[in-house]
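The values are calculated or read from the model by the stated rules, or taken from the named source; none is laboratory data. What you are looking at is a predicted structure, and each value in this text was computed from that prediction instead of being measured. Glycine gets a Cβ as well: all are built from the backbone with ideal geometry, and neighbour counts include every protein chain shown. What goes into the accessible areas is simple: the full protein's heavy atoms, side chains included, and nothing from ligands, DNA or RNA. Shrake-Rupley method; radii C 1.70, N 1.55, O 1.52, S 1.80 Å.
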Number of protein chains: 2
Amino acid sequence: MEVRPGKTIVGFIGLGVMGKSMAGHILAAGYELHVYTRTKQSADTLIEKGAVWEETVAQLSKKCDVIITIVGFPADVEQIYLGDGGILNHAKAGCMAADMTTSHPDLAHKLYDTGAERGIRVLDAPVSGGDLGARNAALSIMVGGDKDAFDAVSPLFEIMGKNIVYQGKPGSGQHTKMANQIAVASGMIAVCEALAYAKKAGLDPETVLKSIEPGAAGSWSLSNLGPRMIKGDMEPGFFVKHFIKDMDIAARSSAELGLTTPGLDLTLSLYKKIEQMGLEDKGTQVLCRLFE
Amino acid sequence: MEVRPGKTIVGFIGLGVMGKSMAGHILAAGYELHVYTRTKQSADTLIEKGAVWEETVAQLSKKCDVIITIVGFPADVEQIYLGDGGILNHAKAGCMAADMTTSHPDLAHKLYDTGAERGIRVLDAPVSGGDLGARNAALSIMVGGDKDAFDAVSPLFEIMGKNIVYQGKPGSGQHTKMANQIAVASGMIAVCEALAYAKKAGLDPETVLKSIEPGAAGSWSLSNLGPRMIKGDMEPGFFVKHFIKDMDIAARSSAELGLTTPGLDLTLSLYKKIEQMGLEDKGTQVLCRLFE
């Protein structure tokens, strides 16, 4: 299937902060775009710009050639794909779908298998890069599934992201995202402890950053979240509640793979304390509060 | 005091892998350089190039205007500065010294105070950047002590490093280095767990790096040590035994400051397992062995 504007009808399900930007880029690229999301008013801006509103997932699924989904939790993914009114029960044979939600690798497998039985190609294609990456079409997209389906859907991925990598068989996109979140996890403790130490030792944390950022201690989190911690800016770039969801999946998946992850376990336990403190709607940098 | 070639006599104590390169840069810049190190043959190359060998720390101390030290452990620093034959008992009043060993902040304070009583200005100026940084004169140098002494010695720091930052009162250089090592510590677990997960999940770790390196999971360790872990290259860029020494100091210093550091504690406990496995002379990336 050749995917291009004027030919391909694209469906987009899930217009949260990320989804709204991503769908907007596809619309701006000239595609006929049909949208569905739980709260219709989230679609208002897109509809004004020409997107077609669909009342149900089933109705959207019947009309579209490629369906992109990015919703909240694995349970939502399951319902949208496998429920009675779900994509895999209503989409046309030959249709392709890409789930860009961060979800469980096993579920990705199940969607792939169920889709295959019905002639629907399903890719798992979670992203990293957050709101800003979505807004700037600079997401990293990590993709699992059939290589030819990946190639076919790539023109759409390239509209939404910058670093698009095919990772292999079904579930590989989700597994890659899990590896990503595992690396982010202990790295957050690293930054919090280092800055807390600097403060307690009577140093100026910004001057400390000048020394340690360019070297072996350097990380995306140190450079991007460190300054927010220092300023006390806890606005969400990435929500605590979403990070906990991802780490829960990663911990479960690690256990299933027989892998011990003491760093991930520690990080998850600390973020659950943050949640108990009622801070789940803050950005992940709020972890620094535990070290003050 | 104006520090310049042809005027200032520089003493250098400690010609290990790092010290040898650092002293070489000072000699190459045209300074009269007197050297002492535990094993004389480590000085051979420098002596061939014109450095003056001194039989004892005391003898070196009497002749030099600025003395730079980079040795193994805090106990070595203590002996070289405070022992009967030590710098602070033999250097001229008006002399300046910079200890570039990674050592305990309290010891840095003690050297500063004892030096001050005798008219000797002592700076704590630990480095990061490893062998390669020393060889390429690209070290990050984090300095504590009097600002005017820092300004005076800066011409020498600039010969050895690229990112030279004055961090404040005596001990601040060592405290900054501790913050650096604390950030490195949990970051190592992050990289090991992420790559171990990728392998267990049947992904190609190098392809995973392509997805996760440029984003929020990115770090110096992921980019520089990740590929060595994947290749099984355990050659030391930074020795396990030295990292354990630094983390021990950091843990002690954190406890003294009343700071809880669960990430550092976990990392240190894992590296002690690595040490028990007889791997203390490998590079820090050998931590990945625990996750295989």
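Taking Cβ atoms as reference points and 15 Å as the exclusive limit, the residues near B:E158 contribute a net charge of 0, counting Lys and Arg as +1 and Asp and Glu as -1.
When the alpha carbon coordinates of region A:143-216 are projected onto the principal axes, the ranges are 57, 22, 18 Å, largest first.
The Cβ shell under 12 Å around B:D246 holds other residues with a net charge of +3, Lys and Arg each +1, Asp and Glu each -1.
The phi torsions of region B:21-36, fed into the Karplus equation with coefficients 6.51, -1.76 and 1.60 and a -60° offset, translate into couplings of 5, 5, 5, x, 5, 5, 4, 5, 7, x, 7, 6, 10, 9, 10, 9 Hz, rounded to whole numbers, with Gly and Pro shown as x.
Provide the three semi-axes, in whole Å and in decreasing order, of the ellipsoid equivalent to region A:207-270 as defined by the square roots of 5 times the Cα gyration tensor eigenvalues. Please report the intermediate quantities before stating the final value.
Numbers: eigenvalues 153, 53, 14 Å².
Working from the Cα gyration tensor, I get semi-axes of 28, 16, 8 Å.
Can you give the calculated 222 nm mean residue ellipticity of the protein assembly as shown, where each DSSP H run of n ≥ 4 adds -39,500 (n - 2.57) and the sum is split over every residue, rounded to the nearest 500 deg cm²/dmol?
On the way: 28 runs with 300 residues, N = 584.
That calculation yields -15500 deg cm²/dmol at 222 nm.
With the label put 7 angstrom out from Cα along the Cα-to-Cβ vector, A:P5 ends up 6.2 nm from the copy partners, going from closest to farthest. Rolling a 1.4 Å probe over the protein chains gives B:C95 an accessible area of about 0 Å².
So for region A:175-291, averaging the separation of alpha carbon pairs under 8 Å that are six or more residues apart and normalising by length, what relative contact order in percent results? About 39 percent, as a whole number.
Shown here are the Rg and Dmax of the Cα trace of the protein assembly as shown, at 28.2, 89 Å. The value obtained for region B:104-193, namely the Cα convex hull volume divided by the number of residues, is 93 Å³ per residue. Pairs from the list A:K210/B:K177; A:K282/B:K210; A:K162/A:K282; B:K245/B:K282; B:K20/B:K282; B:K20/B:K49 with a Cα-Cα gap above 18 Å: A:K282/B:K210; A:K162/A:K282; B:K20/B:K282. Taking the label point 7 Å along Cα→Cβ, B:D84 and its counterparts in the other copies are spaced 9.4 nm apart, in ascending order.
If I take all pairs of Cα atoms in chain B, what percentage of them are more than 37 Å from each other? Before the final figure, lay out each step's value.
Numbers: 7872 of 42486 pairs.
Roughly 19 percent, once rounded to a whole number.
Taking amide hydrogens as placed 1.01 Å from N in the peptide plane, the amide H of B:E213 sits under 5 Å from that of no residue at least 5 positions away in sequence or on another chain. Based on Cα contacts under 8 Å between residues 6+ apart, region A:9-169 shows a relative contact order of 19 percent. Between B:D204 and A:E275, the modelled labels are 3.6 nm apart [label points 7 Å from Cα along Cα→Cβ]. Dimensions of region B:1-80 based on its C-alpha atoms, expressed as ranges along the principal axes with the largest first, amount to 33, 27, 20 Å. If only the Cβ of Lys and Arg carry +1 and only the Cβ of Asp and Glu carry -1, the dipole of chain A around its Cα centre is close to 280 debye. Remark: mean inter-chain Cβ contacts per residue of A:169-180 equal 6, using a 10 Å Cβ-Cβ cutoff to other protein chain atoms. Bridge orientation summary for the protein assembly as shown: considering DSSP beta bridges with both residues in this region, about 15 percent are antiparallel. Taken residue by residue and averaged, Cβ atoms of other chains lying within 10 Å of the Cβ of A:203-210 number 6. Dimensions of region B:9-169 from C-alpha coordinates, computed as largest minus smallest value along each principal axis and given longest first, are 37, 33, 26 Å. Among beta bridges identified by DSSP and lying wholly in region B:93-237, the antiparallel ones come to about 25 percent. Shape analysis of region A:100-254 yields a ratio of the Cα radius of gyration to the Kirkwood radius, Rg/Rh, of 1.07.
Could you tally the net charge around B:A196, taking each other residue with its Cβ under 12 Å from the Cβ of B:A196, Lys/Arg +1 and Asp/Glu -1? Could you put the intermediate results ahead of the total?
Numbers: positive: B:K199, B:K200, B:R289; negative: B:E193, B:E292.
Taking every other residue near B:A196 into account, the sum is +1.
Database remark: amide H of B:I164 closer than 5 angstrom to the amide H of B:I141 (H placed geometrically; neighbours at sequence offset of 5 or more, or on other chains; Pro and chain starts carry no H).
Taking amide H atoms as placed 1.01 Å from N in the peptide plane, the amide H of A:V35 lies under 5 Å from those of A:F12, A:V52, A:W53, A:E54, each 5 or more residues away in sequence or on another chain.
Scanning chain B for the beta carbon that comes closest to the axis linking it by rotation to A yields B:S219, 2, distance in whole angstrom.
About its Cα centre, how strong a charge dipole does region A:175-291 have in debye, to the nearest 20, once Lys and Arg get +1 and Asp and Glu get -1 at the Cβ?
In debye, rounded to 20, region A:175-291 gives about 120.
Taking the label point 7 Å along Cα→Cβ, B:P227 and its counterparts in the other copies are spaced 2.8 nm apart, in ascending order.
Here the translational diffusion coefficient of region B:175-291 follows from Stokes-Einstein with Rh set to the Kirkwood radius across Cα pairs; for 20 °C and 1.002 mPa s it amounts to 147 µm²/s.
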